[in-house]
Amino acid sequence: MARGKAYRKTEQKIEEARRSGAKELDLSEIGLTELPESLGNLTQLQTLDLSANELTALPEWLGQLKQLRSLNLSTNRLTTLPEWLGQLTQLQSLDLSRNRLTTLPEWLGRLTQLQELSLSGSRLTPTMEWLGQLTRLQSLNLEFNGLTTLPESLGQLKKLRELHLHYNGLTMLPEWLARLDELRRLDISSNPLKTFPAVLKKLKNLEALSVSQNGMTALPTWIGELSHLRKLYAIDNRLEDLPSEIGNLDNLTELHLGGEEISFCWSHVGGEHGNKLKNLPLSIGSLENLKILDLDDNPLNPELAAAYKEGLDAVKRYLRAKAEAQIKLNEAKLILIGEGEVGKSCLLGALRGDPWEPGKPTTHGIEIKPVKVTDPATGAKIKLNGWDFGGQRVYRPTHQLFFSAPAVYLVVWKPREGPQQGFVKDWIKLVKHPRAGRQDSRGRHTRRPERTPTRH
Ligand SMILES: Nc1nc2c(ncn2[C@@H]2O[C@H](COP(=O)(O)OP(=O)(O)OP(=O)(O)O)[C@@H](O)[C@H]2O)c(=O)[nH]1
Ligand SMILES: [Mg+2]
């Protein structure tokens, strides 16, 4: 009989542990319905794993194992917890998840040495004041409990570093959660939160965060302030855009926005996938520590989709290239042209705010001097590089070579003598067709179509 076999196998394991004086014993996944009494003699045991069996009750004599530091009772069929469990005050780790418990007794609050407690799938109620007594807790698992609010006593667990709230009914996170400022890992995936909880802004030490499967349409810009964040999971939401501030998360190694991994504990189990991202903020291209970027199941634009297919480096390259193309230099070329002695150099000096210089000498070749101006619409500072050409005819053929660049062209003439005398039309023609009629190096006339400069 299968049950008899499991029982005998267990007895053997117990006997081995007795002989070797083992401090740890793994009796998980054996199909046990009852425990051999010989287990009660292993008083030296510090770690006992009874998970994934079919136990419906725990025998009284198990309470003799007073040295136990870690007890795993998860995935059994326990309906009640015996009171002697409250006497195992050395316990640092207790896993009661996935049983058939209807209530959790208050005396669990006596286990004040506990650092790790798992109550996943335990039909919890939000009124569990005894939780607040477990002030040494560093990790608390409350997944799969249908909680619509959190027990306020949680706010007293100042040492908590890890909190698992996956698959509950939370529509908001309370403000008092900010007291848990030691929190490093927080899993609030698979809740109906809808919006990114504001209280997270205060949890500055967060290193791993999952907000997957919450029906969120946006991530806040202040997410960039959670500077310790290394892993961020936001899959299966309705995100259409990401804030560019995500690029401030220098420590980010993993960003999950797509398919499989819901959080640092859970993978996908059916339902809707992905988000609605078409683009990514260009700032993501500068996240040097990023090693995993999951964008599966998003309607990415064709360019980004192609880069994503190639891998993370290609995505980063694509984003960086796009960012470079968008850098604004706020510089422009200002080219002053016109006949000799019409006042080009003096005009450039006046634009620069230089003092008036009587009897200014003629310009030989080109002089380049900057002019600083402010855009009246945006207040942006713009640097104009003023190119002041000598107007004498002898310089003209060489100057024309510069007339193909995009620039602001300023044709100067003496108003008293009029535009005709200043050959204004000819100068404009020269700017429009800089190389028309020019001779090539062999002395032939060339009339090739040229790139037209930007004219203003
Ligand atoms: N009265 C008057 N004289 C000016 C004005 N602007 C320039 N001048 C004089 O005109 C002369 C030529 O001025 P420039 O600014 O050197 O002329 P330019 O066009 O740069 O001359 P090139 O460099 O030879 O092509 C100088 O002697 C200036 O003093 C003006 O607005 N009014
Ligand atoms: Mg001059």
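I'd like the orientation of helix 2-20 relative to the chain: the angle between its Cα long axis and the longest Cα principal axis, in ° from 0 to 90, rounded to 10.
Approximately 90 degrees, to the nearest ten.
Within segment 69-92, list the residues whose amide N lies under 18 Å from a label point set 7 Å along Cα→Cβ of Lys159.
Residues 69-71, 88-92 fall inside that zone.
Can you tell me the length gained on complete extension of the stretch Ser244 to Thr79, counting 0.36 nm per residue apart and subtracting the Cα distance?
54.4 nm
Rounded to whole Å and sorted largest first, what semi-axes of the equivalent ellipsoid does the C-alpha gyration tensor of segment 3-44 yield via the square root of 5 times each eigenvalue?
18, 10, 9
Give, to the nearest whole percent, the P(r) tail of the chain beyond 30 angstrom, counting all Cα pairs.
Within the chain, distances greater than 30 Å cover 64 percent of Cα pairs.
At what distance in angstrom do the alpha carbon centres of segment 164-198 and segment 293-343 lie from each other?
Segment 164-198 and segment 293-343 have Cα centres spaced 38 Å from each other.
Roughly what angle does helix 312-325 make with the longest principal axis of the chain, taking Cα atoms, 0 to 90 degrees, to the nearest 10?
For helix 312-325, the angle is close to 30 degrees.
Using the Karplus equation 6.51 cos²θ - 1.76 cosθ + 1.60 (θ = phi - 60°), what ³J(HN,Hα) coupling, rounded to whole Hz, does each residue of segment 166-175 give in order, writing x for Gly and Pro?
Per residue, the Karplus-derived 3J(HN,Hα) values read 3, 6, 10, x, 6, 9, 7, 10, x, 4 Hz.
Could you work out the relative contact order of segment 9-325? I mean the mean sequence separation of Cα pairs under 8 Å and 6+ apart, divided by the number of residues, in percent.
8 percent
Treat each spin label as a single point 7 Å out from the Cα along the C-beta direction, and report the Asp313 to Thr112 distance in nm.
If labels sit at Asp313 and Thr112, their model points lie 5.7 nm apart.
Which value does Rg/Rh take for segment 196-264 over its C-alpha atoms, Rh per Kirkwood?
Using Cα coordinates only, the ratio equals 0.91.
Can you say what percent of the DSSP beta bridges in the chain, counting only those with both residues inside, are antiparallel? Round to 5.
20 percent
Multiply the residue gap between Phe402 and Ser28 by 0.36 nm, knock off their C-alpha separation, and tell me the result in nm, one decimal place.
Length gained between Phe402 and Ser28: 126.4 nm.
Quick note: the coordinates plus some simple rules give every number you see, no bench work behind them. Please read all numbers here as calculations on a predicted model, not as lab measurements. Note that each Cβ is placed from the backbone with ideal geometry, even for glycine, and that neighbours are counted across all protein chains shown.
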